[in-house]
Amino acid sequence: MKPHKTLAFSLALLFLAFTAFTGKATAQKATQEKLIGTWTLVLVDNVLPDGSRVQLYGPNPQGIAMFDASGHYSMLILRDGRPKFAANDKGQGTPEEYKAAVQGSNCHFGTYTVNQTDHIVTFHIEHATFPNWEGTERESPFTLMGDEFKFTVAHPTTGGPNVTGEVAWKRVR
């Protein structure tokens with residue numbers, strides 16, 4: 001091959017590699033941009049190995065998730081109808097009230113990244129009501145179609161081995 005053809009060939013390969021890389025980055029950024037906003041909780045279930053479901057936060061779970069453009073998120077999940085503390089003082093709860101408060105909530109915040117190619121959202125958890133999650137990364141397969149965002153939790157906070165969590169959200173308009 002002549003030197004100018006070799007240079008042209010090398011430049012063409014470099015251009016193709018750059019286009020492939022920037023195209024992938026653009027697709028991932030586009031998916032992350034679609035996630036930006038406020039979402040309300042639709043369901044949060046544990047799925048058992050036999051396919052049956054457990055509604056961890058009752059039939060009408062309450063929650064909100066917020067994703068911003070800088071890659072930060074906040075997620076709050078609560079059981080509807082949690083009992084109030086009789087003493088009206090968080091420091092004066094009964095063991096049953098504390099148990100209901102802890103088991104009836106799952107909240108965390110931190111940063112997130114999206115891998116569009118593999119359809120994985122990674123939550124880089126800074127703080128959580130379940131302290132075992134603090135400082136961890138939780139990778140979850142996801143789907144994002146229109147105003148519906150769903151992800152799977154490989155190891156939920158309860159349920160044991162071979163149980164997965166399914167969480168679904170609807171965009172707030």
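When the range 57-106 is examined, which residues are found to be under 20 Å from I36 (Cα atoms) and small (G, A, S)?
G63, A65, A69, S70, G71, S74 - these are the residues of the range 57-106 that are under 20 Å from I36 (Cα atoms) and small (G, A, S).
With respect to G93, is the statement that it is farther than 19 Å from D147 by Cα, touching a helix residue (DSSP H, G or I) at 6+ places or on another chain (Cβ under 8 Å) and either open to solvent by less than 30 Å² (accessible area, probe 1.4 Å) or at pLDDT below 95 (or both) true?
It is true that G93 is farther than 19 Å from D147 by Cα, touching a helix residue (DSSP H, G or I) at 6+ places or on another chain (Cβ under 8 Å) and either open to solvent by less than 30 Å² (accessible area, probe 1.4 Å) or at pLDDT below 95 (or both).
Listed here are the residues, each with its yes/no results for (1) under 27 Å from N60 (Cβ atoms); (2) free of Cβ contacts under 8 Å to residues at least 60 places away in the same chain; (3) of a type in the set (D, E, K, R).
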| site | (1), (2), (3) |
| --- | --- |
| P83 | yes, yes, no |
| N88 | yes, yes, no |
| G93 | yes, yes, no |
| H108 | yes, yes, no |
| V114 | no, no, no |
| V121 | yes, no, no |
| A128 | yes, yes, no |
| E139 | no, yes, yes |
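Tell me which residues, restricted to the range 11-59, are more than 19 Å from H119 (Cα to Cα) and at pLDDT below 50.
L11, A12, L13, L14, F15, L16, A17, F18, T19
Exactly one condition in (1) of a type in the set (A, V, I, L, M); (2) in a loop (DSSP other than H, G, I, E, B); (3) open to solvent by less than 70 Å² (accessible area, probe 1.4 Å) is not met by A101; state its number.
(2)
Within the set of pairs 6 or more residues apart or between chains, which connect a residue that is under 16 Å from F123 (Cα atoms) inside the range 161-173 to a residue that is hydroxyl-bearing (S, T, Y) and exposed (fewer than 13 other Cβ atoms within 10 Å of the Cβ) with Cβ atoms less than 8 Å apart?
W169/T40
Give the range 48-67 a look and list any residue that's among the hydroxyl-bearing types (S, T, Y) and closer than 23 Å to H108 by Cα, or say none.
Y57
Considering the range 107-136 alone, what residues qualify as being within 13 Å of the chain's Cα centre (by Cα), open to solvent by 30 Å² or more (accessible area, probe 1.4 Å) and under 16 Å from Q32 (Cβ atoms)?
Passing the criteria: T111, T113, N115, H119, I120, H124.
Residue check: is I77 β-branched (V, I, T) and open to solvent by 50 Å² or more (accessible area, probe 1.4 Å)?
no
The values are calculated or read from the model by the stated rules, or taken from the named source; none is laboratory data. Owing to the predicted nature of the structure, the values given are computational and were not obtained by experimental measurement. Heads up, the Cβs are rebuilt from the backbone with ideal geometry, glycines too, and the neighbour counts pull from every protein chain shown. Keep in mind that these areas ignore ligands, DNA and RNA; they rest on the heavy atoms of the full protein, side chains included. Shrake-Rupley method; radii C 1.70, N 1.55, O 1.52, S 1.80 Å.
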